[in-house]
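Data first, discussion second: the structure below is written as structure tokens.
The values are calculated or read from the model by the stated rules, or taken from the named source; none is laboratory data. Bear in mind that the values here come from a model prediction, so they are computed numbers and not experimental data. Heads up, the Cβs are rebuilt from the backbone with ideal geometry, glycines too, and the neighbour counts pull from every protein chain shown. For the accessible areas, the whole protein counts, side chains as well, though only heavy atoms, and no ligand, DNA or RNA atoms are used. Shrake-Rupley method; radii C 1.70, N 1.55, O 1.52, S 1.80 Å.
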Amino acid sequence: MSDPNSIFHRMRDVLRHTYFFQSLKMHELDELIGGLRMIRVQKGYEIIKQGDPGDAFYLIASGRVSITVKKGFRTGKVAELGVDDFFGEMALISNEPRSATVTAEEVTELFVLQRKDFDQILMKNPAIAQEIRKAFVERKTKNK
Ligand code: CMP
């Protein structure tokens, strides 16, 4: 059986080296880990389906995902994201359904943050909130 303490240390180590969480203090990181899950998905797995309700935010620890948007009868790829990129922020910010489908392009490890923890991080960290809002606006504009 794996030791929960060593999982904690591994997550803390990965998070400390994740650009996205650089501005967090050590105790904030530890608080965050409590609400964070790490999952591994296989190539081809649909992590998010366009149109579904949104309840979580994802950060890519390893691997790669593609983002596809269906409009009417047409489906197009709008982006590919890799290590340190994030996704799933749009539904949480706008309270609208998922705007795109996100599919693993290879074995991919993800940090998953539930909505309440996501909201808390945004509230406590203006720099992170600003970066996420910027991505939200850019992505929304691109998909129009
Ligand atoms: P959300 O709408 O919650 O779920 C699908 C996610 O795909 C979305 O949040 C964004 O995180 C991501 N996404 C949508 N469009 C783009 C884009 N043009 N570039 C990068 N990521 C995108």
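Amide H contacts under 5 Å for Val107: Lys43, restricted to partners 5 or more places along the chain or on a different chain, H placed in the peptide plane at 1.01 Å from N. In this Cβ point-charge picture (+1 for Lys and Arg, -1 for Asp and Glu), region 35-92 has a dipole of about 320 debye about its Cα centre.
Angle of helix 126-142 to the longest C-alpha principal axis of the chain, folded into 0 to 90 degrees and rounded to 10: 20°.
Overall shape: oblate for region 43-144, with the ratio a/c of the largest to smallest alpha carbon gyration tensor axis at 1.5 or above and b/c at least equal to a/b.
Here the ratio of the Cα radius of gyration of region 14-53 to 2.2 N^0.38 Å is 1.56.
Put a plus charge on the Cβ of each Lys and Arg, a minus charge on the Cβ of each Asp and Glu, and nothing anywhere else: the dipole of the chain about its Cα centre is then about 620 debye. With contacts taken as Cα pairs under 8 Å at a separation of at least 6 residues, the chain carries a relative contact order of 30 percent. Full extension of the chain segment joining Arg16 with Ser62 gains 15.1 nm, where the gain is 0.36 nm per residue of separation less the Cα-Cα distance. Taking every protein chain into account, the accessible area of region 10-103 amounts to 55 square angstrom per residue (probe 1.4 Å).
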